[in-house]
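Data block below; observations after.
Each reported figure results from applying straightforward, stated rules to the coordinates on display, with no laboratory input. Quick caveat: nothing in here was measured; it's all calculated off a predicted structure. Methodologically, a virtual Cβ is constructed for each residue, glycine included, from the backbone with ideal geometry; neighbour enumeration extends over all protein chains shown.
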Amino acid sequence: MSYFAPNQPAFNYLRHLILPVWDWKAPLSGKELSLYLAHINQETHKANGWFYDSILPMPTHSPDGNALIADVNRGATRSGMGDFYAIPHPNPTLKKDWEDILEGYFSQEGPLNKIDTLIPQLSRQIGHQPDHPINVILTIPYPSALMSVFGKLRETGPALNFSTLSQNLVKASEQRLEACRWYVDRALQKWKEAGFHNIHLLGFYWIHETLRYSWEIDDHWVLKELYKHIQRRKSHFFWIPFYSSYNVRLLKDYRDIYFDCAMLQPGHIFYPYIKDVKEAALEAKARNAGVELEYYYQLPDWLGVGKEKHLRFRNYLNGGVKYGYMKEAVCGHFIGKNSIPEMFNSKDPREQTTLEDLYHFVKGDYQIKEG
């Protein structure tokens, strides 16, 4: 088996996907977004090369503050050890939130219009356009099983209920699926109406990093049916699970069941007990998945790896050469909230060096560095 290969025409030549967190109350400016799209010269502040070919602006909450994500982490250590555990997010999204998210995506000040507008400006500085339109992937909010009154999709229809408190699991799952299908179709229609010139809608992202099944919830069935729906719409479905034995098992034959493309998170930047990226990389390669690189400009002290963050991220970069995923795999990049602009503006030379090395990794000419 091999990694999920980059440069596939069916995926508009996807190679490296960046996932900047999108905060509706403090959105990335055009100047900040340009640092994700292009390599900016430190002295002239002008673009001199293209950076990421694909971008997934990732809101974790709606404009009203309700959660697109499925759960929140609890426990004293909060670093994957001890009494660490997850609970369902207490403030899941309503239909209004889903509508507001789409309105935000497609608004004048939203990420899509900003990216589409930036590309001609950056092209003039660089001297040529990107090889292909920049890919965009949109996040599907997680349809939480805590949500019993989601809202009506049609004026004369019923209010959807994702909970099993007053119905069986089949009925709850059918309504979760109905909402997701509605969201995908509405997003595709809004994309068609927007008439963007420089970006390409590559598909949709399932934001939860694992799949749940219990008496109360069945992500597996919802995703199987949603996958079929997205395929019928000639689009693609993406997933980036965290590294665990359960998620690794789910990646077996995932393209026949759940998703078009998955990328595995090694978790090495977060957890002291994960000593390298090798195991996750080789598991991804054995299952036709890509690999996600992870970095934070500011790591919380409770993670316990803050002093090692540069060394640990160096392992991701070096691992791309050692285990082949720099050139052989589609790679996701979760570089923390606003971390790339912070690295660019940092007075710490290690941050600027790290950003420069990341750029060369994306270009494919990064060479191993130790220490």
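Here are some notes:
- Flag set for Asn198, criterion: touching a strand residue (DSSP E or B) at 6+ places or on another chain (Cβ under 7 Å) and either surrounded by fewer than 20 Cβ atoms within 10 Å (Cβ to Cβ) or without any contact (Cβ under 8 Å) to a residue 24 or more places away in the chain (or both).
- Which listed residue is crowded, with 19+ Cβ neighbours inside 10 Å and over 18 Å from Asp53 (Cα atoms), from Gly319, Gly304, Gly324: Gly319
- Only one of Gly332, Gly336, Gly267, Gly320 that is under 21 Å from the mean Cα position of the chain (by Cα), part of a strand (DSSP E or B) and either within 27 Å of Lys369 (Cβ to Cβ) or touching a residue at least 12 places away in the same chain (Cβ under 8 Å) (or both): Gly332
- Strands (runs of 3 or more DSSP E) (entirely within the stretch 1-106) containing at least 2 residues that are surrounded by 14 or more Cβ atoms within 10 Å (Cβ to Cβ): 16-18, 38-40, 47-50
- Neighbours by Cβ (under 8 Å, 6+ apart or cross-chain): first from the stretch 155-184, surrounded by 15 or more Cβ atoms within 10 Å (Cβ to Cβ); second part of a helix (DSSP H, G or I) and of a type in the set (Asp, Glu): Leu160/Glu178; Leu177/Glu225
- Residue count for the stretch 150-174 satisfying the condition of being closer than 21 Å to Leu223 by Cα, of a type in the set (A, V, I, L, M) and out of contact with any helix residue (DSSP H, G or I) (no Cβ under 8 Å at 6 or more places or on another chain): 3.
- All positions within the stretch 6-53 that are of a type in the set (A, V, I, L, M) and more than 20 Å from the chain's Cα centre (by Cα): Ile40, Ala47
- Meets criteria (of a type in the set (A, V, I, L, M, F, W, C) and part of a loop (DSSP other than H, G, I, E, B)) for Ile274: yes
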